[in-house]
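The values are calculated or read from the model by the stated rules, or taken from the named source; none is laboratory data. Being a predicted model, the structure only gives us computed values, none of them experimental. Glycine gets a Cβ as well: all are built from the backbone with ideal geometry, and neighbour counts include every protein chain shown. When the accessible area is computed, the model is the full protein with side chains, heavy atoms only, and any ligands, DNA or RNA have been set aside. Shrake-Rupley method; radii C 1.70, N 1.55, O 1.52, S 1.80 Å.
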Amino acid sequence: MRRVVITGMGLVTSLGHDTASTWRNIREGRSGIGIIDAFDTSDFSSRIGGTVRDFDVTPYMSAKEARKNDPFIHFGV
């Protein structure tokens with residue numbers, strides 16, 4: 001039987017960019033849901049969602065490397 005060890009947890013959510021701030025905002029009853037302004041939503045029936053805002057990936061990768069990657073890669077790193 002294979003064993004799995006969880007060595008840490010990281011969160012990048014609409015409520016925070018790390019585990020501590022996300023949990024704090026959940027406990028304080030804040031919502032990460034709002035009007036989507038990252039792209040045109042006129043063709044969709046819903047215009048609300050949870051958007052990750054103001055995330056700075058440069059502590060985790062160079063700005064040059066960040067420009068080569070989509071945001072979903074930034075969140076995974």
- Report Rg/Rh for the chain, rounded to two decimals, where Rg is the Cα radius of gyration and Rh the Kirkwood radius. 1.06
- Using Cα pairs closer than 8 Å and at least 6 residues apart in sequence, work out the relative contact order for the chain, in percent. 23
- Query: Under the Karplus relation 6.51 cos²θ - 1.76 cosθ + 1.60, θ = phi - 60°, what is the ordered set of whole-Hz ³J(HN,Hα) values for segment 66-74, x standing for Gly and Pro?
  - Reply: 4, 5, 7, 10, 6, x, 4, 5, 4
- Task: Take the solvent-accessible surface of the protein heavy atoms, probe 1.4 Å, and return the percent of it on the chain that carbon and sulfur atoms account for.
- Result: 54
- Note on the structure: Sequence order, segment 20-33: Karplus ³J(HN,Hα) from phi using 6.51 cos²θ - 1.76 cosθ + 1.60, θ = phi - 60°, Hz rounded, Gly and Pro as x, gives 4, 5, 5, 5, 4, 5, 5, 4, 7, x, 6, 10, x, 8
- Could you calculate the FRET efficiency of Ile26 with Lys64 from 1/(1 + (r/R0)^6), where r is the beta carbon distance between them and R0 is 25 Å, rounded to 0.05? 0.10
- Query: Short version: ³J(HN,Hα) in whole Hz for each residue of segment 2-19, in order, from phi by Karplus 6.51 cos²θ - 1.76 cosθ + 1.60 (θ = phi - 60°), x for Gly and Pro, what are they?
  - Reply: 7, 10, 10, 10, 8, 9, x, 9, x, 10, 10, 9, 6, 9, x, 9, 8, 4
